[in-house]
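*Asks:* Got a structure for you, written out below as structure tokens; questions coming shortly.
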Amino acid sequence: MNIVWIILVSVSIVVAACTGRLDALTRAMFDGAKAAVEISLFLLGIVSLWLGITKILEDAGIITRIARFFKPVITRFFKAVPPDHPAITSITLNLLANFFGLGNAATPLGIKAMQDLQSLNADKDTVSYEMMLFIVLNTASIQLVPFTVVGILSAYGSTNPAGIVLPTICTTVLMAACAVTVLQLFRRFKK
Amino acid sequence: MKTISFISQLIIPAFILFAIVYGACRKVRVYDSFVAGAKGGLQVICNIFPYLLAIFVAVKAFQASGLFDIIKSYLAGPLGLFGIPPEVLSVALIKPLSGSAATGMFTDIVQTCGPDSLAARLSGVIVGSVETTFYVLAVYLGSVGIRRTKYLVPVCLIADGLGMLIAAAVVKLMF
């Protein structure tokens, strides 16, 4: 991330200077800072809400039950996670929320999953393979129905707005498979 | 479509209701548990905020610098060979950086090219299937304070690039 950030910011400033857009660039950076505050405040509410709800479930003892139910599938991918670890539940809930297109619920549950995976991580500064796998699965965002897209298409009078659903699911599944393969290739060659 | 969108509307309220009722049945002090859990939210956001700020400033700077148009003009030629319309490229390039910008561009394409055009369909599939990678990286890594990311960033970017080509192939085959 360090290199990405250095390149993004420095190249942007140099290019803006060359194309005479320094004024717009400065304004955009302040806009970005403002957007970060707005998103954080929004996340603060929604993350706290979901942490509260999952805490109820945890105290009711259902977290371990969900974990037991989805254990066979999740442990196949996340081999280093012990079968009764809370990470299995939070990963499951996050992937289900993504699947139903519940972005507002998926992010807080994903954060919970990351924290659970971090508790298993030997080196707290360095990302673990399980975390990478989890993030890669998330960036491929397997989703049942892309509601925003379908909504926009039908708002502009598409003859078949839902026609986009099947190609999107196919793409997203193929993409997730590719992403996991790429991750495993990197893992093999970097060893 | 109607049933699927109904299920999607139902699922969050149903989940919350289930949590509360189930907790009450198991003799959990539901209200106290909720408050105890929610207390952790502030700490999570405090951890994420600086990472989010860094990413948002960088992404906005990138968008405003005009670098975007330069990259686009270089990539338009090679992508034409795959039959990818140039408008789609903007969506594909911006989606990993900003979800709202990508949705905005998608709406623009639907308006100008028509909702049943190849460009609209292809960009729709890309908006629906590619995630805002940098946001996810910033939030998830920030929430646990990971500093060394090994090969995670290149893997995500390669996956995004592959996703665009897969989208083009799938749309060509299915429409």
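*Asks:* List every residue pair whose Cβ atoms sit under 7 Å apart, with the two residues 6 or more apart in sequence or on different chains, where the first one lies in the range B:143-165 and is among the polar types (S, T, N, Q) and the second, anywhere, is modelled with pLDDT under 90.
*Replies:* Pairs that qualify, where the first residue is among the polar types (S, T, N, Q) and the partner is modelled with pLDDT under 90, are B:143/B:44; B:143/B:47; B:143/B:48; B:149/A:1.
*Asks:* While we're on this one: Given the criteria within 19 Å of residue B:35 (Cα to Cα), more than 7 Å from every other protein chain (Cβ to nearest Cβ) and in contact (Cβ under 8 Å) with a residue 40 or more places away in the chain, does residue A:109 qualify?
*Replies:* Judged against the criteria, residue A:109 is a match.
*Asks:* State the number of residues belonging to the range A:14-44 that are of a type in the set (A, V, I, L, M), facing another protein chain (nearest Cβ under 7 Å) and more than 30 Å from residue A:113 (Cα to Cα).
*Replies:* Residues flagged as of a type in the set (A, V, I, L, M), facing another protein chain (nearest Cβ under 7 Å) and more than 30 Å from residue A:113 (Cα to Cα) within the range A:14-44 amount to 6.
*Asks:* Is the range A:116-131 home to any residue that is in contact with a strand residue (DSSP E or B) (Cβ under 6 Å, 6 or more places away or on another chain) and more than 27 Å from residue A:58 (Cα to Cα)?
*Replies:* Checked the range A:116-131: at least one residue is in contact with a strand residue (DSSP E or B) (Cβ under 6 Å, 6 or more places away or on another chain) and more than 27 Å from residue A:58 (Cα to Cα).
*Asks:* Could you list all residues from the range A:112-150 that are among the polar types (S, T, N, Q), more than 8 Å from chain B (Cβ to nearest Cβ) and touching a residue at least 40 places away in the same chain (Cβ under 8 Å)?
*Replies:* Once the filter is applied, which keeps residues that are among the polar types (S, T, N, Q), more than 8 Å from chain B (Cβ to nearest Cβ) and touching a residue at least 40 places away in the same chain (Cβ under 8 Å), the range A:112-150 yields only A:128.
*Asks:* Here's a follow-up. Considering every residue within the range A:137-160, establish whether at least one is at pLDDT 90 or above, assigned to a loop (DSSP other than H, G, I, E, B) and over 30 Å from residue B:38 (Cβ atoms).
*Replies:* There is no residue in the range A:137-160 that is at pLDDT 90 or above, assigned to a loop (DSSP other than H, G, I, E, B) and over 30 Å from residue B:38 (Cβ atoms).
*Asks:* Oh, and also: Say we look at the range A:84-118 and pick out the residues that are of a type in the set (Gly, Ala, Ser) and assigned to a helix (DSSP H, G or I); which of these is surrounded by the fewest Cβ atoms within 10 Å (Cβ to Cβ)?
*Replies:* By that ranking, first place goes to A:103.
*Asks:* Could you identify the single residue in A:139, A:92 that is touching a Cys at 6+ places or on another chain (Cβ under 8 Å), closer than 27 Å to residue A:40 by Cβ and among the hydroxyl-bearing types (Ser, Thr, Tyr)?
*Replies:* A:139
*Asks:* Name the one entry in B:30, B:35, B:59, B:21 that is modelled with pLDDT of 85 or more and touching a Leu at 6+ places or on another chain (Cβ under 9 Å).
*Replies:* Result: B:59 is the single residue among B:30, B:35, B:59, B:21 that is modelled with pLDDT of 85 or more and touching a Leu at 6+ places or on another chain (Cβ under 9 Å).
*Asks:* If only one of A:4, A:9, A:47 is facing another protein chain (nearest Cβ under 7 Å) and in contact with a Gly (Cβ under 6 Å, 6 or more places away or on another chain), which one is it?
*Replies:* A:47
The values are calculated or read from the model by the stated rules, or taken from the named source; none is laboratory data. Only a predicted model underlies this, so the values are computations on that prediction, with no experimental measurement involved. Every residue, glycine among them, receives a Cβ derived from its backbone with ideal geometry; neighbour counts consider all protein chains shown.
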